[in-house]
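The values are calculated or read from the model by the stated rules, or taken from the named source; none is laboratory data. Given the structure is predicted, the values throughout are model-derived calculations rather than measurements. Cβ placement follows ideal geometry from the backbone for every residue including glycine, while neighbour counts extend to all protein chains displayed.
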Amino acid sequence: MDRWTLALDPGDEPMFLRIARSIARDIGRGRLKPGAPLPGSRTFAETLGVHRNTVLAAYRELEAEGYTESLPARQTRVRADLPPRPPRRTSGGPSPDPDRVGFSLTPVPVDVVASPPPAGSIALLGGLPDLRELPTKALARAYRRAANRRGAPLFGYGDPRGEEALRRALASVLASARGLSIDHEDILVTRGSQMALFLAARALLSPGDVVLVEALGYRPAWEALRAAGAVLEPVPVDRGGISVAAVRARCERGGVRAVYVTPHHQYPTTVLLSSARRLELLGIAKEHRIAVLEDDYDHEFHYDGRPVLPLKSADQAGSVVYFGTLSKILAPALRLGFLIGPRPLLARATAHRAIVDRQGDRVLEHALADFIEEGSLLRHARRMRRLYQVRRGALVSALEAHLASRVVFTLPVGGMAVWAELPGIDVDDWAARCEQRGVVFQTARRFTFDGKKRPFVRLGFAGETEARIHRAVELMARALR
Ligand SMILES: Cc1ncc(COP(=O)(O)O)c(C=O)c1O
């Protein structure tokens, strides 16, 4: 006992609590063993330079918390029956090290959440709609109307597939705008298409199943597939989209379960999958009984001619599992996506959904059902398409004016970004210099399967005004000199 001295923990709480907490810490660390006597209150108060009542209060606190016990003749000692570590921690107990793990963990999946661009920068990010244009008042009105009209029952448990009203509204808009012959029983509403892909992968795949992916491609989708145990194999992408010849060659070797594609505007290169390749891909899927996971994330933003109908619209064999989202057409934070596929797959995906999330936001789903039914969704999409088309023009003319000798690109038929090559340039270095000047964009490395550099960049035009796009490209040109 003689050798024990108390090092007081720093803190703002009353002195008696600091003393009690510090003693409890020493008990927890084994510096004070079960049964060890604590110093007499008078001597201890002198040593600590505090009033004796303070020490007595600390002892009372320790006893109340089960660390110590009183003996006759006002002796206090650490409880003899205390396990080496105290059984419970209270407000005054020792703080556990929050980084300490008392068990083993599995490897972490790759974190796919990109850090937000620095405040004030011009963000040429290909996936972001211009949220300043979002009809927030109309959305808020729709939300309030939904809550008022349906009242308290809407705040209970609902259908894990999503509210029927929204599934009906989506089925009807997808039938007319995207040529899908479906009804509300063919849709599972999810929180974003990322969740839809995750659930479909769970429903479809077993650990070790081979899934072919576009490379370059969309990493969050890869990680959702991997999370279900998929072994991914990259397939090259060229000006006609994914190489369907390579898909066929790989399928003929056997063992492929699925192929993940972005046929409308290939992510990240923006190219449209040619109609010959579309037909061939559906044929391969049918012949080899593989699933085609079709991610149609920005269907409405097609500028030259009408949008090309999804693979799903021509799927007779039940091979295509289709994913959509309101993240681009409206806003990512709504977390509103959907999955369309053969009903047995939907039933399995729904079961997985109920385990992880039970259901979506019922009020929001009714609000969006109204928003779609009154025509507001497609109206907003049409307005955004016109705006983005003008911005696409602004980006292209800025690139031609300031970077013509350095960049090679073709006008994207749709989407929200230009995919550009800068031969012979270390684009990652360049992007870092641009960021210092206040312009942010993504380089090919983010989309490569092997994580290696390529001299390409993805320049988004949807989220910034024409003036800011011009300014950004001027700054980018300066950073290249
Ligand atoms: C290729 C692709 N798929 C899907 C999404 C949409 O994801 P979510 O609906 O989960 O917001 C995005 C958005 O960035 C995307 O780029």
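Just for region 321-333: of the residues that are in contact with a strand residue (DSSP E or B) (Cβ under 9 Å, 6 or more places away or on another chain) and more than 9 Å from the ligand (Cβ to nearest atom), which one is farthest from F301 (Cα to Cα)? Show your work before the answer.
Taking region 321-333 and keeping what is in contact with a strand residue (DSSP E or B) (Cβ under 9 Å, 6 or more places away or on another chain), we get 321-327, 332.
From what's left, more than 9 Å from the ligand (Cβ to nearest atom): 321-322.
Numbers: V321: 21, Y322: 18 Å.
Of everything passing the filter in region 321-333, V321 is farthest from F301 (Cα to Cα).
Assess whether A171 counts as being buried (at least 18 other Cβ atoms within 10 Å of the Cβ), of a type outside the set (K, R) and more than 20 Å from F323 (Cβ to Cβ). Please lay out each step first, then the result.
Values: buried (at least 18 other Cβ atoms within 10 Å of the Cβ): yes; of a type outside the set (K, R): yes; more than 20 Å from F323 (Cβ to Cβ): no.
Spelling it out, it is not the case that A171 is buried (at least 18 other Cβ atoms within 10 Å of the Cβ), of a type outside the set (K, R) and more than 20 Å from F323 (Cβ to Cβ).
This table checks each residue for (1) in contact with a strand residue (DSSP E or B) (Cβ under 6 Å, 6 or more places away or on another chain); (2) at pLDDT below 95; (3) surrounded by fewer than 18 Cβ atoms within 10 Å (Cβ to Cβ).
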{"residue": "A420", "(1), (2), (3)": "yes, no, no"}
{"residue": "R433", "(1), (2), (3)": "no, no, yes"}
{"residue": "F447", "(1), (2), (3)": "no, no, no"}
{"residue": "D450", "(1), (2), (3)": "no, yes, yes"}
{"residue": "F456", "(1), (2), (3)": "yes, no, no"}
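Please specify each residue of region 134-143 satisfying the condition of being part of a helix (DSSP H, G or I) and in contact (Cβ under 8 Å) with a residue 24 or more places away in the chain. Spell out how you get there, then give the answer.
Within region 134-143, the subset part of a helix (DSSP H, G or I) is 136-143.
The answer is A138, L139, A142, Y143.
Do we have A171 as within 16 Å of the ligand (Cβ to nearest atom), within 26 Å of the chain's Cα centre (by Cα) and in the same structural domain as G324 (by TED's automatic domain parsing) here? Reasoning before the result, please.
Numbers: within 16 Å of the ligand (Cβ to nearest atom): no; within 26 Å of the chain's Cα centre (by Cα): yes; in the same structural domain as G324 (by TED's automatic domain parsing): yes.
Judged against the criteria, A171 is not a match.
From the set of residues in region 150-166 that are outside any loop (DSSP other than H, G, I, E, B) and free of Cβ contacts under 8 Å to residues at least 24 places away in the same chain, which is surrounded by the most Cβ atoms within 10 Å (Cβ to Cβ)? Don't jump to the end; show me each part of the working.
Going residue by residue through region 150-166, those that are outside any loop (DSSP other than H, G, I, E, B) are 150, 152-155, 164-166.
If we keep only those that are free of Cβ contacts under 8 Å to residues at least 24 places away in the same chain as well, we get 152-153, 164.
Numbers: A152: 7, P153: 8, E164: 17.
Going through the qualifying residues, I end up with E164.
Just checking, does region 257-265 include any residue being within 21 Å of F447 (Cβ to Cβ), more than 16 Å from the ligand (Cβ to nearest atom), at pLDDT 95 or above and hydroxyl-bearing (S, T, Y)?
No, region 257-265 has no match at all.
Inside region 270-285, can you point out the residues that are buried (at least 22 other Cβ atoms within 10 Å of the Cβ) and not in a helix (DSSP H, G or I)?
The answer is T270, V271, L272, L273.
List the number of the failed condition for P236; all other conditions in (1) more than 16 Å from the ligand (Cβ to nearest atom); (2) in a helix (DSSP H, G or I) hold.
Just one mismatch for P236, condition (2).
If you go through region 272-290 one residue at a time, do you hit one that is touching a Phe, Trp or Tyr at 6+ places or on another chain (Cβ under 6 Å), within 27 Å of R385 (Cβ to Cβ) and not polar (S, T, N, Q)?
Applying the first criterion (touching a Phe, Trp or Tyr at 6+ places or on another chain (Cβ under 6 Å)) to region 272-290 yields none.
No, region 272-290 contains no residue that is touching a Phe, Trp or Tyr at 6+ places or on another chain (Cβ under 6 Å), within 27 Å of R385 (Cβ to Cβ) and not polar (S, T, N, Q).
Can you name the number of the only condition in (1) away from the ligand (no atom under 16 Å from the Cβ); (2) out of contact with any helix residue (DSSP H, G or I) (no Cβ under 9 Å at 6 or more places or on another chain); (3) within 20 Å of P234 (Cβ to Cβ) that K286 fails?
Among (1) away from the ligand (no atom under 16 Å from the Cβ); (2) out of contact with any helix residue (DSSP H, G or I) (no Cβ under 9 Å at 6 or more places or on another chain); (3) within 20 Å of P234 (Cβ to Cβ), K286 violates only (3).
Give the residues of region 55-74 that are surrounded by 12 or more Cβ atoms within 10 Å (Cβ to Cβ) and not in a helix (DSSP H, G or I), sorted by residue number.
So in region 55-74, the residues surrounded by 12 or more Cβ atoms within 10 Å (Cβ to Cβ) come out as 55-70.
If the condition is that a residue be surrounded by 12 or more Cβ atoms within 10 Å (Cβ to Cβ) and not in a helix (DSSP H, G or I), then E65, G66, Y67, T68, E69, S70 are the ones that fit.
Conditions: (1) under 25 Å from E365 (Cβ atoms); (2) exposed (fewer than 15 other Cβ atoms within 10 Å of the Cβ). S104 meets all but one. Number of the miss?
(1)
Suppose we keep only residues that are crowded, with 18+ Cβ neighbours inside 10 Å and under 29 Å from V473 (Cβ atoms) within region 124-149. Which one would you say is nearest to the ligand (Cβ to nearest atom)? Steps first, please.
So in region 124-149, the residues crowded, with 18+ Cβ neighbours inside 10 Å come out as 124-129, 139, 142-143, 146.
Now restrict to residues that are under 29 Å from V473 (Cβ atoms): 124-129.
Working: L124: 14, L125: 9, G126: 8, G127: 4, L128: 8, P129: 10 Å.
Checked region 124-149; the qualifying residue nearest to the ligand (Cβ to nearest atom) is G127.
Among the candidates A276, A258, single out the residue that is closer than 30 Å to P455 by Cβ and of a type outside the set (D, E). Even if it seems obvious, please write down each step before you answer.
On the way: A258 fails: closer than 30 Å to P455 by Cβ.
Among A276, A258, only A276 is closer than 30 Å to P455 by Cβ and of a type outside the set (D, E).
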